[in-house]
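Structure record follows, encoded as structure tokens.
The values are calculated or read from the model by the stated rules, or taken from the named source; none is laboratory data. Remember, it's a predicted structure, so these values are computed and weren't measured experimentally. A quick note on method: Cβ atoms are made from the backbone with ideal geometry, for glycine too, and the neighbour counts reach across all protein chains shown.
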């Protein structure tokens, strides 16, 4: 017997996570797409592999299912809540209209002033319940803001980190 979706979500909202914007570029002439993602983790340092989990209902899932699609994980700094909200909620406007965007090796958009970014080609895909887990092999990365704090999401809201007292 499994627990209800509500009980599962209630428990997980107590686990803090970093906030990322995952950007996607297909091999076709489709414009790039992006969405806010907290289901992100490091998997392996050799080769360097990360994972993202994307809901099957998201248009990003269809794009990532295409052969040759690439993605970037843009790790947000705590002053980038507006960017997170833009990619989470904005539907009919260009999400990329705000921010300093570029590309790295794969052609997926990278946020030049993110805390850090990882440029990835798809390594493997794994269906998992309502989501698909996409493993990405990291082909390029940078840490534009190494001394700043990350944006954190916990208990249904953004949080800021504080350094512990000495």
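Would you check if residue 129 is more than 19 Å from residue 88 (Cα to Cα) and within 14 Å of the chain's Cα centre (by Cα)?
no
Check residue 105 against each of (1) under 27 Å from residue 47 (Cα atoms); (2) surrounded by fewer than 15 Cβ atoms within 10 Å (Cβ to Cβ) and name the one condition it does not meet.
(2)
Answer yes or no as to whether residue 85 is closer than 29 Å to residue 147 by Cα and under 15 Å from the mean Cα position of the chain (by Cα).
In short, yes.
If you check 39, 11, which single one turns out to be over 13 Å from residue 87 (Cβ atoms), in contact (Cβ under 8 Å) with a residue 24 or more places away in the chain and surrounded by fewer than 17 Cβ atoms within 10 Å (Cβ to Cβ)?
From the options 39, 11, the qualifying one is 39.
Looking only at the range 73-89, which residues are without any contact (Cβ under 8 Å) to a residue 60 or more places away in the chain and crowded, with 20+ Cβ neighbours inside 10 Å?
Scanning the range 73-89 gives 74, 86.
For the range 92-113, how many residues are in contact with a strand residue (DSSP E or B) (Cβ under 6 Å, 6 or more places away or on another chain), within 15 Å of residue 35 (Cβ to Cβ) and either at pLDDT below 95 or not in a strand (DSSP E or B) (or both)?
3
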